[in-house]
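These notes are about the structure you will find just below.
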């Protein structure tokens with residue numbers, strides 16, 4: 001567990017505990033609270049808001065750093081990633097992460113495909129929870145969904161890892177055109193959306209699956225029911241891409257390979273009839289070339305204004321609002337086109353925009369957001385063994401919550417709107433997550449996940465209700481009413497006005513409080 | 001009402017041997033979605049049956065909607081197996097009529113030439129079920145309790161989309177209009193004045209879009225997991241949660257409050273097991289239907305249930321229907337067996353239960369270079385229940401398909417889009 005940090009204790013020694021935020025009304029009950037230090041830069045509320053959206057869970061440290069650095073400087077550091085520790089040092093021994101497709105094919109062949117799955121998932125989780133490059137990790141998740149690949153489709157499970165490492169993670173904050181090109185040549189994508197077995201030779205009908213999703217989900221998009229492309233464009237794109245497949249040769253097995261014998265040589269024009277940008281490919285006559293003609297199409301699509309608008313809409317939906325403000329979408333789209341499809345300038349504009357500033361707490365966390373933020377808020381110490389019990393427990397908990405990692409079956413990725421995620425089953429699972437094998441549950445000789453609150457810092461002069469309010473405010477960023485704090489105390493069998501040592505000294509009571517704080521509606525918003 | 005009626009069904013093209021049926025599909029869906037006590041099914045003969053429970057309104061009728069996600073290839077589920085164009089364009093994957101496979105007991109399409117009350121069947125010789133669907137054919141179909149609404153889809157004037165996600169949205173909203181944001185089944189529920197308890201369930205960890213809206217509807221991945229767990233004292237924890245989730249508030253708050261108010265109705269309901277000799281397999285749809293039957297029997301106030309049935313996006317490797325190991329045949333068998341088990345399990349109670357199946361679109365009539373079919377427009381729906389008049393309904397036949405192989409034509413549209 002080296003490298004994770006030893007701060008498991010939720011209420012431990014970050015004394016004296018300052019009460020943060022204006023809410024709660026309990027400040028006078030917490031002893032030794034110093035007056036809040038006013039910051040000239042970013043306000044506490046703005047820092048909390050930015051941290052909730054640009055990370056996988058706002059920790060006390062994140063908020064403080066944004067306050068002291070100022071939002072713009074913090075963002076620039078996140079976007080450049082300079083000086084920010086990654087979590088890669090936790091992934092020693094994860095050989096399948098760096099294996100070639102062929103090597104992972106052999107791993108699978110030897111009956112070890114679980115290892116591929118488990119190493120990818122636990123790497124995803126450890127990176128999301130512990131990397132200081134939080135915005136990068138959040139964007140890796142964003143692009144993983146944008147270019148979603150269900151790893152259990154067909155036989156591709158051993159190909160997903162290379163897509164993750166060399167498509168998504170390589171380009172997550174780079175240029176979209178590079179990301180798109182890498183995805184188009186990604187064996188996992190070519191298998192998932194069937195392009196590897198499409199043929200456009202005379203007498204054969206191309207498989208339209210990838211061509212359609214390339215236009216609909218990856219580039220031009222459909223925004224508010226409007227789409228720029230026609231059915232003919234779908235087929236045209238599928239023809240241009242026919243022959244993009246994977247190798248069956250030892251030494252490069254399952255890597256990208258062009259198969260000219262499956263490539264359509266027909267002339268194709270894309271989007272021409274709409275009078276907008278037009279991509280024309282004249283007929284291909286040679287027998288051995290042809291694949292380079294698809295690359296200009298990929299670049300053309302990346303630079304199309306519909307792509308700009310669609311990507312901007314999705315980013316704003318992810319980071320600002322379920323109903324993206326048109327003004328911000330428009331600005332981001334212009335910035336995208338003006339910067340040769342670079343991703344970082346769009347994000348900078350987004351997070352510093354007035355639309356973003358006005359959107360605090362309007363988003364609902366997806367299960368992954370909620371779980372990761374809970375792990376971060378509680379300072380959970382997660383064993384790094386990808387195949388250990390804790391890793392398995394966390395994987396299955398995310399499955400029960402409805403968002404198993406890397407297992408969205410359809411190519412659209414997980415939805416990011418409250419209407420999708422807010423339902424009875426999800427609420428009950430989140431509320432009862434302590435029953436699921438997960439960090440707030442138990443600790444068993446290093447196999448379980450670290451217990452929060454083993455060394456509570458409190459004094460007899462504080463009340464149970466004040467302790468609960470302090471935890472909620474400082475550790476979970478909640479705005480709590482005194483009625484809520486009292487209800488939580490009562491639920492765990494502690495009198496709200498009783499001495500805080502009562503909750504602090506009984507692990508079961510403290511865990512009950514943490515469970516209910518994680519169930520607070522404020523912790524489901526971001 | 002108006003929103004719903006905009007989502008009428010349209011047709012793909014079949015041979016001109018398909019004769020006109022009766023009631024318009026517009027009316028069918030309009031009534032399905034419009035609420036009131038009646039849910040209407042259509043038959044090829046144009047009969048319509050309203051079914052309600054006049055004697056026992058507290059019991060209520062239950063509408064069970066199964067969404068075949070991925071775009072079900074209706075042409076290989078309910079195959080026009082003697083149609084020359086179909087035969088020509090699906091050389092390796094087509095369903096064959098019995099006369100092509102003499103002496104073969106297993107492999108040919110299952111003729112839809114009689115269906116209980118419908119005799120002689122008006123579309124005799126036109127359609128056959130995929131050979132994987134013997135259970136539906138021998139059970140609900142031959143009892144006259146299974147209707148097929150073929151060539152069901154959205155009119156191009158409304159939406160010609162072949163996007164999974166747009167088409168699913170349109171079906172579930174009951175409209176292609178962007179300002180319709182609730183689900184058609186939720187609007188159906190709103191029309192009831194006596195909703196109480198667990199009036200609607202969406203099977204799964206999230207609620208299907210067709211159930212979203214102002215009427216309470218509950219996502220439920222299983223009966224046994226539908227409760228508050230994990231606290232030392234769950235009852236006290238629920239009290240605290242009630243303080244945090246007042247019923248007046250935003251979506252998060254109201255769903256939380258609604259959920260807390262009904263968990264006790266579900267916990268501990270009896271499990272008598274499948275009745276009447278029904279056997280459910282272990283796939284998700286079958287297990288979902290098994291629990292649906294259990295919930296219906298438990299009388300918790302249920303009016304509508306939605307279940308998802310995935311895996312219909314058959315772009316590749318559908319295989320030959322004669323091959324008992326082929327993927328598409330097995331997919332149809334699983335679907336058929338799940339519906340049949342539910343029908344058998346509920347037995348006489350199926351007079352108060354209607355199952356409707358829907359998919360976002362059908363698929364191209366031509367098979368592609370990967371032995372599959374790509375996104376098309378219309379597909380087949382099933383309606384099952386003891387008050388359904390069995391048969392196949394295809395109300396109009398569009399012109400024959402024009403297919404220009406090797407060009408960009410998209411052959412299954414009847415509108416040229």
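The values are calculated or read from the model by the stated rules, or taken from the named source; none is laboratory data. Nothing here was measured: the structure is a model prediction, and the numbers come from that model. Cβ sites come from the backbone with ideal geometry, for glycine too, and all protein chains shown count toward neighbours.
What the table below lists for this structure:
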| read-out | value |
| --- | --- |
| Residue A:237 touching a residue at least 24 places away in the same chain (Cβ under 8 Å), closer than 17 Å to residue A:301 by Cα, within 14 Å of another protein chain (Cβ to nearest Cβ) and assigned to a helix (DSSP H, G or I) | yes |
| Hey, residue B:193 within 14 Å of another protein chain (Cβ to nearest Cβ) and farther than 30 Å from residue A:401 by Cβ or not | no |
| Segment A:194-213, residues that are under 20 Å from residue A:152 (Cα atoms) and more than 8 Å from chain B (Cβ to nearest Cβ) | A:195, A:196, A:210, A:213 |
| Helices (runs of 4 or more DSSP H) contained entirely in segment A:115-227, each with at least 3 residues that are within 19 Å of the chain's Cα centre (by Cα) | A:134-146, A:160-163, A:176-184 |
| Unmet criterion (only one of (1) in contact (Cβ under 8 Å) with a residue 40 or more places away in the chain; (2) under 20 Å from the mean Cα position of the chain (by Cα); (3) within 12 Å of another protein chain (Cβ to nearest Cβ)) for residue B:296 | (3) |
| Qualifying residue in segment A:512-522 (condition: free of Cβ contacts under 8 Å to residues at least 12 places away in the same chain and over 14 Å from residue B:232 (Cα atoms)) | yes |
| Tally, over segment A:498-520, of residues that are surrounded by fewer than 16 Cβ atoms within 10 Å (Cβ to Cβ) and at pLDDT 95 or above | 0 |
| Residues within segment A:96-107 that are within 21 Å of residue A:257 (Cα to Cα) and either outside the structural domain of residue A:164 (by TED's automatic domain parsing) or over 22 Å from the mean Cα position of the chain (by Cα) (or both), tallied | 8 |
| Residue check for residue B:250: surrounded by fewer than 21 Cβ atoms within 10 Å (Cβ to Cβ), within 13 Å of another protein chain (Cβ to nearest Cβ) and in contact (Cβ under 8 Å) with a residue 24 or more places away in the chain | no |
| Residue in segment B:210-227 that is surrounded by fewer than 21 Cβ atoms within 10 Å (Cβ to Cβ), facing another protein chain (nearest Cβ under 9 Å) and without any contact (Cβ under 8 Å) to a residue 24 or more places away in the chain present | yes |
| Selection count where residues are in contact with a strand residue (DSSP E or B) (Cβ under 7 Å, 6 or more places away or on another chain) and either within 27 Å of residue A:488 (Cβ to Cβ) or within 14 Å of chain A (Cβ to nearest Cβ) (or both), scope segment B:261-293 | 2 |
| Residue ranges of helices (runs of 4 or more DSSP H) in segment B:159-260 with at least 1 members modelled with pLDDT of 90 or more, over 19 Å from residue A:520 (Cα atoms) and touching a strand residue (DSSP E or B) at 6+ places or on another chain (Cβ under 9 Å) | B:164-173, B:184-190 |
| Test: residue in segment A:117-129 that is farther than 24 Å from residue B:310 by Cβ and without any contact (Cβ under 8 Å) to a residue 40 or more places away in the chain | no |
| Criterion (closer than 26 Å to residue B:70 by Cβ, surrounded by fewer than 21 Cβ atoms within 10 Å (Cβ to Cβ) and in contact (Cβ under 8 Å) with a residue 12 or more places away in the chain) met by exactly one of A:183, A:230, A:177 | A:230 |
| Matching helices (runs of 4 or more DSSP H) fully within segment A:277-389 where at least 3 residues are modelled with pLDDT of 95 or more and over 21 Å from residue A:171 (Cα atoms) | A:326-338, A:354-357, A:367-377 |
| Hey, residue A:511 facing chain B (nearest Cβ under 10 Å) and in a helix (DSSP H, G or I) or not | yes |
| Count - residues of segment A:240-276 that are away from chain B (no Cβ under 14 Å), modelled with pLDDT of 85 or more and part of a loop (DSSP other than H, G, I, E, B) | 9 |
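For (1) within 30 Å of residue A:421 (Cβ to Cβ); (2) not in a loop (DSSP other than H, G, I, E, B), each residue gets a yes or a no:
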site	(1), (2)
A:484	yes, yes
A:488	yes, yes
A:493	no, no
A:504	no, yes
A:516	yes, yes
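Per-residue answers, yes or no, for (1) touching a residue at least 40 places away in the same chain (Cβ under 8 Å); (2) in contact with a helix residue (DSSP H, G or I) (Cβ under 9 Å, 6 or more places away or on another chain); (3) assigned to a loop (DSSP other than H, G, I, E, B); (4) more than 22 Å from residue A:343 (Cβ to Cβ):
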position	(1), (2), (3), (4)
A:58	yes, yes, yes, yes
A:63	yes, yes, no, yes
A:67	no, yes, no, yes
A:74	no, yes, no, no
A:107	yes, yes, no, yes
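Listed here are the residues, each with its yes/no results for (1) touching a residue at least 60 places away in the same chain (Cβ under 8 Å); (2) buried (at least 23 other Cβ atoms within 10 Å of the Cβ); (3) within 14 Å of another protein chain (Cβ to nearest Cβ); (4) more than 22 Å from residue B:210 (Cβ to Cβ).
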site	(1), (2), (3), (4)
B:317	no, no, yes, yes
B:326	no, no, no, yes
B:342	yes, yes, no, no
B:354	yes, yes, no, no
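Residue by residue, here is whether (1) crowded, with 18+ Cβ neighbours inside 10 Å; (2) touching a residue at least 60 places away in the same chain (Cβ under 8 Å) holds:
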position	(1), (2)
B:267	no, no
B:281	no, yes
B:291	yes, yes
B:305	yes, yes
